[in-house]
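The structure under discussion is supplied below as structure tokens; questions concerning it will follow.
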Ligand code: HPA
């Protein structure tokens, strides 16, 4: 089984969507098992992986990031399209908006974040964590479909699973972050180490803590995702079919 493209579905994206002849299998890796569904779209093989497992059973800090990326590499994947539900740190970026992030700040604490845990010692370049070529292709797909998408954004990745405090969000804003989520790290680092082209389309599901008066709930995140998930799927499959 081989696939050139992969989709990693985050919160609210648990199925491959438009692919035909899909088969699901478990791939054994040195870092645990990964479940992958492979199907065809526009004559191309596409691998799909639900980051949190079917039905959102794995919290962000327990995801087997290394197993997931290893499995994709083993399938021959070259280009990885990831989705992420995020909170927005800017009023101009509202729930329902798409953000094609181009940089990331790592605030995680407990996660193993490398394949190079011993010899050889490798320090991977992270000047451009998200693949520029893939980002341009996704921006072109958004234009084809007439969807608006913010073409820059800095993702701050927190440890979770709790949401942030107001003071934390203020600090992250001062550090330059524009959206907040819990899963881009170490996923993007591992993709770099595995030499995969990797990009993330973020869906803003809420204003981050302190930007709105209402307390934040996971239910709100899921609901906004459900209302808008079709857009991300359209975007990915338009890109893949080009
Ligand atoms: N914070 C962290 N992760 C998130 C948020 C948030 O506000 N919204 C969706 N994922």
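Read-outs throughout are calculated quantities, based only on the coordinates presented, and are distinct from any laboratory measurement. Computed from a predicted structure; not experimentally measured. We place every Cβ from the backbone using ideal geometry, glycine too, and count neighbours over all the protein chains shown.
For the chain, what log10 I(q)/I(0) values come out of the Debye formula at q = 0.12 1/Å, with one point per alpha carbon and no solvent?
-0.62
A further question follows. What's the ranking of 97-103, 225-231 by average number of surrounding C-beta atoms within 10 Å, highest first?
Numbers: 97-103: 21.6, 225-231: 15.7.
Highest to lowest by the protection proxy: 97-103, 225-231.
With each pseudo-label sitting 7 Å past Cα toward Cβ, what's the residue 151-residue 4 distance in nm, one decimal?
Using points 7 Å along Cα→Cβ, the separation is 2.4 nm.
From the Cα gyration tensor of segment 97-233, with a ≥ b ≥ c the square roots of its eigenvalues, which class applies: rounded if a/c is under 1.5, or else prolate if a/b is larger than b/c, or else oblate? Please report the intermediate quantities before stating the final value.
Details: a/c = 1.96, a/b = 1.17, b/c = 1.68.
Oblate is the answer for segment 97-233, as a/c is 1.5 or above yet b/c matches or exceeds a/b.
How many angstrom lie between the C-alpha centres of segment 82-127 and segment 142-171?
10
Can you sort 148, 127, 241 so the residue with the fewest Cβ neighbours within 10 Å comes first? Walk me through the intermediate numbers first.
Numbers: 148 10, 127 5, 241 13.
Ranked by crowding around the Cβ, least crowded first: 127, 148, 241.
Also, I was wondering about something else. State the extension gain, in nm to one decimal, for the chain segment bounded by residue 91 and residue 28, taking 0.36 nm per residue of separation less the distance between their alpha-carbons. Provide the component values of the computation, followed by the final result.
Numbers: separation 63, 0.36 × 63 = 22.68 nm, distance 4.34 nm.
Taking residue 91 through residue 28 to full extension adds about 18.3 nm, to one decimal.
If I model a spin label at residue 124 and residue 78 as a point 7 Å from the Cα along the Cα→Cβ vector, what separation in nanometres do I get?
A separation of 1.8 nm, rounded to one decimal place.
Bin by bin, in steps of 10 Å, what percent of the Cα pairs in segment 1-140 do you find, going until the bin that has the longest distance?
10, 36, 39, 14, 1
Run lengths n ≥ 4 of DSSP H only: what is the helix-derived mean residue ellipticity at 222 nm for the chain, with -39500 (n - 2.57) per run over all residues, to the nearest 500?
Values: 5 runs with 68 residues, N = 242.
-9000 deg cm²/dmol, from helical runs alone.
Listing 37, 189 from the residue with the fewest other Cβ atoms within 10 Å to the one with the most, what is the order? It would help to have the intermediate numbers written out before the result.
Working: 37 19, 189 22.
Fewest-to-most ranking of 37, 189: 37, 189.
Rounded, prolate or oblate, given the Cα gyration tensor of segment 142-216, with a/c below 1.5 counting as rounded? Let's see the in-between values first.
Details: a/c = 2.23, a/b = 1.30, b/c = 1.72.
Oblate, because a/c is 1.5 or more while a/b does not exceed b/c.
Using a/c under 1.5 as the rounded threshold, could you call segment 1-76 rounded, prolate or oblate? The axes a ≥ b ≥ c are square roots of the C-alpha gyration tensor eigenvalues, and prolate needs a/b larger than b/c, oblate otherwise. Provide the component values of the computation, followed by the final result.
Working: a/c = 2.21, a/b = 1.32, b/c = 1.68.
The shape class here is oblate.
Using Cβ counts within 10 Å as a stand-in for footprinting exposure, how do 88, 57 rank, fewest first? The partial results should precede the final answer.
On the way: 88 24, 57 9.
Placing the least packed residue first, the sequence is 57, 88.
Something else: Using only the alpha-carbon atoms of segment 77-122, report the extent along each of the three principal axes, biggest first, to the nearest angstrom.
46, 29, 15
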